[in-house]
Amino acid sequence: MLVDYASGAASPGSSLLIAAHLEQAPESCRQVSELERIGGAVLSGEAPEAMSAGALAGIFDKIDQGVAGAEPAPIRGAGPLPQPVIDAVGLPFDAIPWRFRLPGVSEYVLQEYEPEKVSLLRAKPGASVPQHTHTGPEMTLVMTGALQDGETVFRAGDIAINDEDDDHRPQIIGDEVCYCLIVMEGSLHFTGRFSRALNFLTD
């Protein structure tokens, strides 16, 4: 995942998730810097490509356009979330319109990431997601609090990866609200108690 991110090959959702992870993971930051250095060294050894006529003028035009339409300053009010997440949401943390999903669990879905589903999850201590599996890979970045899945505990900066081979029931542990960033391909399918009703509600 870090190699894909450093090379620019990661999907938009994965790129956001890794950017947020890097805010909380110094060792991953070091690895990405090293990967970018290696990538630069590889590129510098490649034979140069001939430039087309007017290429230099085109570059200067793009630079001028970039200056005129400079990116806005980062949104203030990130709260407990990494800055890349708040920038992607486009709203201060206190203005995020959370929607109820399950008792103790609320969600905010980020737009413009299709075919991936990218969302924020806010879960209170003791909350859990009913037993379920997936029709495609799911990556969950824990940004605050702690999430237990089976025997594994994920804390701030950790990434949990699940797919159709996993049938699990993650639960929030500790006394801190857990905020997660979830990037999912495919869909979620409940398998435990009341699964028929839950799947009907989420279809």
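With a sphere of radius 13 Å drawn around the Cβ of A25, what net charge do the other residues whose Cβ falls strictly inside it have (Lys, Arg +1; Asp, Glu -1)?
Summing Lys/Arg as +1 and Asp/Glu as -1 gives -1.
Calculate what fraction, in whole %, of the accessible area of the chain sits on carbon and sulfur atoms when a 1.4 Å probe is rolled over the protein chains. With neighbouring chains kept in place, the figure for the chain is 55 percent. Taking 11 Å as the cut-off, no amide N atom of segment 98-112 comes nearer than this to a point 7 Å along the Cα-to-beta-carbon line of V153.
The residues of the chain have, on average, 61 Å² of accessible surface per residue, using a 1.4 Å probe with all protein chains present.
Extension gain for Q131-V109 works out to 5.8 nm (0.36 nm per residue, less the C-alpha to C-alpha distance).
Placing +1 on the Cβ of every Lys and Arg and -1 on the Cβ of every Asp and Glu, with nothing else charged, gives the chain a dipole about its Cα centre of roughly 740 debye.
The GluC sites (Glu not before Pro) of segment 71-161 that meet both conditions, a loop assignment by DSSP and at most 11 other Cβ atoms within 10 Å of the site Cβ, are E112, E151. For the chain, adding -39500 (n - 2.57) for each run of n ≥ 4 DSSP H residues and dividing by the number of residues yields -9500 deg cm²/dmol at 222 nm.
Would you please classify the overall shape of segment 1-103 from the alpha carbon gyration tensor, given that a ≥ b ≥ c denote the square roots of the eigenvalues, rounded means a/c under 1.5, and beyond that prolate means a/b larger than b/c while oblate covers the rest? It comes out oblate by the Cα gyration axes. Extension gain, A53 to Q83, is 6.7 nm, computed as 0.36 nm per intervening residue step minus the present C-alpha separation. At a Förster radius of 25 Å, what calculated FRET efficiency corresponds to the Cβ-Cβ distance of E36 and A73, to the nearest 0.05? Efficiency at R0 = 25 Å is approximately 0.50. Site-free segments of the chain were taken between trypsin sites (Lys or Arg not before Pro) in DSSP loops having at most 15 other Cβ atoms within 10 Å, sites themselves excluded; the longest one is 77-192. Could you tell me the calculated FRET efficiency between H189 and Q65, based on Cβ-Cβ distance and R0 = 45 angstrom, to the nearest 0.05? In this case the efficiency is close to 0.45. Rolling a 1.4 Å probe over the protein heavy atoms leaves D175 with an accessible area of roughly 140 Å². Round to the nearest 10 and report in Å² the accessible area of V42, as given by a 1.4 Å probe over the protein chains' heavy atoms. My reading of the accessible area for V42 is about 90 Å². S187 exposes around 50 Å² of accessible area when a 1.4 Å probe is run over every protein chain in place. Taking Kirkwood radius over Cα pairs in Å straight from the coordinates, which label in (1) 20.6; (2) 19.2; (3) 17.9 is the correct one? Checking each listed value against the structure points to (2). Segment 106-127 and segment 135-189 have Cα centres separated by 11 Å.
The values are calculated or read from the model by the stated rules, or taken from the named source; none is laboratory data. Everything numeric here is computed off the predicted structure, so don't read it as measured data. As a convention, Cβ positions derive from the backbone with ideal geometry for all residues, glycine included, and neighbour counts pool all protein chains shown. Please note that ligands, DNA and RNA were not included when accessible areas were found on the heavy atoms of the full protein model with its side chains. Shrake-Rupley method; radii C 1.70, N 1.55, O 1.52, S 1.80 Å.
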